[in-house]
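Peer 1: One structure follows; several queries about it will come next.
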Amino acid sequence: MLNAALKILKQHYGYTTFRPGQEKIITSLLGNKDTLAIMPTGAGKSLCFQIPALLLPGVTLVVSPLISLMKDQVDALNGVGIPATFINSSLTLSQVNERIYNAKCGRYKIIYIAPERLESDSFQAAIKVLTISLLAIDEAHCVSQWGHDFRPSYRAVGSFIASLPNRPIIGAFTATATTDVTQDIITLLALKNPDVYMTGFDRENLSFTVIRGENKQDFTLKYITANKEQSGIIYAATRKEVDNLYSLLYKKGYSVGKYHAGLPDKERQHYQEQFIYDNISIMVATNAFGMGIDKSNVRYVIHYNMPKNMEAYYQEAGRAGRDGEPSECMLLFGAQDPLLQRYLIEQTTFDTDRKTNELSKLQTMVDYCHTPECLRKFILSYFGETSDITECANCSNCKDDNELTDITLDAQKIFSCVMRVKERYGTTLIASVLKGSKDKKVLQLGFDSLSTYGLLKNYTLPEIRDAINRLIATDYLMLTDSEYPVVKLAPKGVAVLKNQTKVWQKVPKRTQKITADNSLFSLLRSLRKTIADREQIPPYLVFADSTLKEMSEYCPTSYDALLTIKGVGESKRKRYGDEFLEVLQQYALANNIQSSNLSIESKEAAVKVQESPSHVISLELYQKGHSLEEISQMRKLKSLTIQDHLVRCYQEGHPVNWDALIPPQYEKLILSKVAQLGAERLKILKDALPEEISYAAIKAVLCKHNR
Ligand code: ADP
Ligand code: MG
Ligand code: ZN
């Protein structure tokens, strides 16, 4: 038998040897055993049922959810001389009947069918006259609601099998290996005492990378530019994100297509084909794309957003490098990603059990994004494989040249803070307390008086949050499954707090400033250049570099927020505000920056300005170092008015630094004249003093000395 299988492998497929697992699975099926094969994406599952199909009498039915690919799959089989066809909803009734008739006449060895067909009585009746030797169920995890791709129609398979006059051999194939799913496949597909084969889940040719705290768009552009000749998939979480990214790449001249469930069938099909035939090199898609895409030369898969769980991730990432050549899988983690996935899970109509299950899977995915340990090991142990290796040398953590550091002290500070807030709050609040933030909630709860308040004030908030997340990912801390996950101390953490063990982790270097974003800066700079050229003035007269830098750090998206940026006054805001806001808003949209992403300081400032009366706005500009003349120009108000604004602020109790207005050499002189002439009439004072002393200076001296 095996020789016959090997012969087919050579003759039809042109391969000389089987891959790991294929032989055993084929032998098992040919030996009349129900068989469950669990092999990672790209391992070569199709051959495992196609070769037996050729060796067994009669016909093999292949149940597959991939309606849009059936034609290609069947064409491919016909291309290598294997008589095959498909039956799904894309055919008319007479076409279906014709194919069934041909099948009866023995014209096919393999028929692909969509699971929905199995529910149709007429189809069932028609198919019963065929000799079905083997029923292969591809993507068998679709039967399980614990899997990531549940299809209710798969549930019909079990009763379909029961209804057949002669029970065929059943083969089930999947890349999902969790115990829940495996058990579901066996029971729901009614496998009889099956042989279960699980090949190693490791894909040695794939390198794994997690990137955090970097600008996703920059990273992606840089990567695809450096790999222009290569084929790759970019997965994004939402249709909108796919559309945005697609237009961006398209406008920049990349060879790109897109795929998501919101596009018309025709368009999707078109892009899919263009991609498969190498006419376009980049596919931007939601997770709707890719199942069953047997394109072997995908060199990279970028996850622009974190997917919902490890199964989905490994399956999608696994579409890289089916040909065994080195390929890259990169996940760009953004702080918004878990929130979005959480939201999507909460929007479902799943029952509570299932939601809890999904949320805990999501947490494992988040852990993957934060673990400082080997990513491959993390993946493999998730899929139940234990390996002795601690470092694979081919993932971003193993390749990370940061030293393993003793972070026990910082970890203890964090654990202690978790205890101080009585294990009742989430990551964000704990980070704010450790940062010593003046956040409203922190103050309201009185946490500014905790002994752990401000203990990590030298770190940025995102750095503290990352540190907490790393400790969650490595089981020192844990998150509850509740609606608002709460951080609790795990046994491993307790031991550290008691000084019984130490924590060693690779910690990212503190070089890049997380909020500073060069790409936005360069976008703003090129807008400035356009304006400068148009107005024939030097660019720095539009805005100084420091202004653009501050804009790129805080990314203000409203008129009011814009005014909090140093160097943006009312007149410039009026002149250039619209154009700059357009760039800023677009950027915020494309990068998922919401006001919650702004640093607390800038947000407070933005709110302040929105609510500030005019005289306080003047004061704020003054405090930022603008001169009275500049402020009056910016605000299109008289200099005198600005002076009055400052005085009024002072009278209302705002601290004002008057010294900037007082020429130091004259302060004493002014004071002596005030003593002499009184402070009631400014004009008298002004006349009695040298020309160059301004009203502003006199007012400043009066205020400074409480007159
Ligand atoms: P899976 O369904 O497990 O994701 P496929 O069946 O689509 O994987 O096969 C993935 C790729 O591996 C295909 O291009 C296939 O032709 C190739 N392949 C399968 N078996 C072998 C083999 N024994 N030798 C070489 N290539 C193979
Ligand atoms: Mg497959
Ligand atoms: Zn590794």
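The values are calculated or read from the model by the stated rules, or taken from the named source; none is laboratory data. Bear in mind that the values here come from a model prediction, so they are computed numbers and not experimental data. Virtual Cβ from ideal backbone geometry, glycine too; neighbours counted across all protein chains shown. Ligands, DNA and RNA are excluded from the accessible area calculation, which covers all protein heavy atoms including side chains. Shrake-Rupley method; radii C 1.70, N 1.55, O 1.52, S 1.80 Å.
Peer 1: Determine whether the range 349-366 contains at least one residue that is farther than 27 Å from HIS270 by Cβ, within 15 Å of ligand 3 (Cβ to nearest atom) and within 18 Å of the chain's Cα centre (by Cα).
Peer 2: no
Yes or no, residue by residue, for (1) at pLDDT below 95; (2) of a type in the set (A, V, I, L, M); (3) more than 9 Å from ligand 1 (Cβ to nearest atom); (4) closer than 20 Å to ILE82 by Cβ:
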residue	(1), (2), (3), (4)
LEU2	yes, yes, yes, yes
TYR15	yes, no, no, yes
ARG19	yes, no, no, yes
GLY31	no, no, yes, no
LEU36	no, yes, yes, no
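Peer 1: For residues in the range 570-597 being open to solvent by 40 Å² or more (accessible area, probe 1.4 Å) and closer than 30 Å to GLY436 by Cβ, which is modelled with the lowest pLDDT?
Peer 2: Here the answer is SER596.
Peer 1: Hey, another quick one. Taking the range 367-386 as the search range and keeping residues that are open to solvent by 40 Å² or more (accessible area, probe 1.4 Å) and assigned to a loop (DSSP other than H, G, I, E, B), which one is modelled with the highest pLDDT?
Peer 2: That would be GLU373.
Peer 1: Of all residues in the range 81-109, which are within 40 Å of the chain's Cα centre (by Cα) and not small (Gly, Ala, Ser)? Steps first, please.
Peer 2: Filtering the range 81-109 down to residues within 40 Å of the chain's Cα centre (by Cα) leaves 85-91.
Within the range 81-109, THR85, PHE86, ILE87, ASN88, LEU91 meet the criteria.
Peer 1: If you go through the range 63-93, how many residues are farther than 21 Å from TYR271 by Cβ and of a type in the set (A, V, I, L, M, F, W, C)?
Peer 2: Final tally of qualifying residues: 9.
Peer 1: Quickly run through the range 289-307 and pick out the residues that are at pLDDT 95 or above and either in a loop (DSSP other than H, G, I, E, B) or within 16 Å of ligand 3 (Cβ to nearest atom) (or both).
Peer 2: TYR304, ASN305, MET306, PRO307 - these are the residues of the range 289-307 that are at pLDDT 95 or above and either in a loop (DSSP other than H, G, I, E, B) or within 16 Å of ligand 3 (Cβ to nearest atom) (or both).
Peer 1: For the range 355-366, check the following and say yes or no: at least one residue is open to solvent by 40 Å² or more (accessible area, probe 1.4 Å), away from ligand 1 (no atom under 16 Å from the Cβ), touching a Phe, Trp or Tyr at 6+ places or on another chain (Cβ under 6 Å) and in contact (Cβ under 8 Å) with a residue 40 or more places away in the chain. Break it down into steps so the answer makes sense when it comes.
Peer 2: First pass over the range 355-366, keeping only residues open to solvent by 40 Å² or more (accessible area, probe 1.4 Å): 355-356, 360, 363.
From what's left, away from ligand 1 (no atom under 16 Å from the Cβ): 355-356, 360, 363.
Checking which are touching a Phe, Trp or Tyr at 6+ places or on another chain (Cβ under 6 Å) leaves us with none.
No, every residue in the range 355-366 fails to be open to solvent by 40 Å² or more (accessible area, probe 1.4 Å), away from ligand 1 (no atom under 16 Å from the Cβ), touching a Phe, Trp or Tyr at 6+ places or on another chain (Cβ under 6 Å) and in contact (Cβ under 8 Å) with a residue 40 or more places away in the chain.
Peer 1: If GLN73 passes every condition in (1) at pLDDT below 95; (2) among the polar types (S, T, N, Q); (3) open to solvent by 20 Å² or more (accessible area, probe 1.4 Å); (4) away from ligand 2 (no atom under 12 Å from the Cβ) but one, which one does it miss?
Peer 2: (4)
Peer 1: Under 8 Å between Cβ atoms, at least 6 apart or on separate chains: pull out the pairs that start in the range 221-234 with a residue that is outside any helix (DSSP H, G or I) and end on any residue that is open to solvent by 80 Å² or more (accessible area, probe 1.4 Å).
Peer 2: Qualifying pairs under 8 Å: SER231/ASP278.
Peer 1: Shifting gears a bit: For the range 670-688, enumerate the residues that are in contact with a helix residue (DSSP H, G or I) (Cβ under 6 Å, 6 or more places away or on another chain) and open to solvent by less than 30 Å² (accessible area, probe 1.4 Å).
Peer 2: ILE670, ALA679, LEU685 - these are the residues of the range 670-688 that are in contact with a helix residue (DSSP H, G or I) (Cβ under 6 Å, 6 or more places away or on another chain) and open to solvent by less than 30 Å² (accessible area, probe 1.4 Å).
Peer 1: Starting from residues that are assigned to a helix (DSSP H, G or I) and more than 23 Å from PRO338 (Cβ to Cβ), keep the ones in the range 393-409 and report whichever is farthest from ligand 2 (Cβ to nearest atom).
Peer 2: Of the range 393-409, the ones assigned to a helix (DSSP H, G or I) are 396-399, 408-409.
After this cut, where a residue has to be more than 23 Å from PRO338 (Cβ to Cβ) as well, the list is 398-399, 408-409.
Working: CYS398: 29, LYS399: 30, THR408: 47, LEU409: 50 Å.
Filtering first and then ranking leaves LEU409.
Peer 1: Where in the range 416-499 are there helices (runs of 4 or more DSSP H), lying wholly inside it, with at least 2 residues that are touching a Pro at 6+ places or on another chain (Cβ under 8 Å) and under 27 Å from ARG342 (Cα atoms)?
Peer 2: Working: elements: 427-435, 440-444, 461-473, 491-497.
Fully inside the range 416-499 and qualifying: 461-473.
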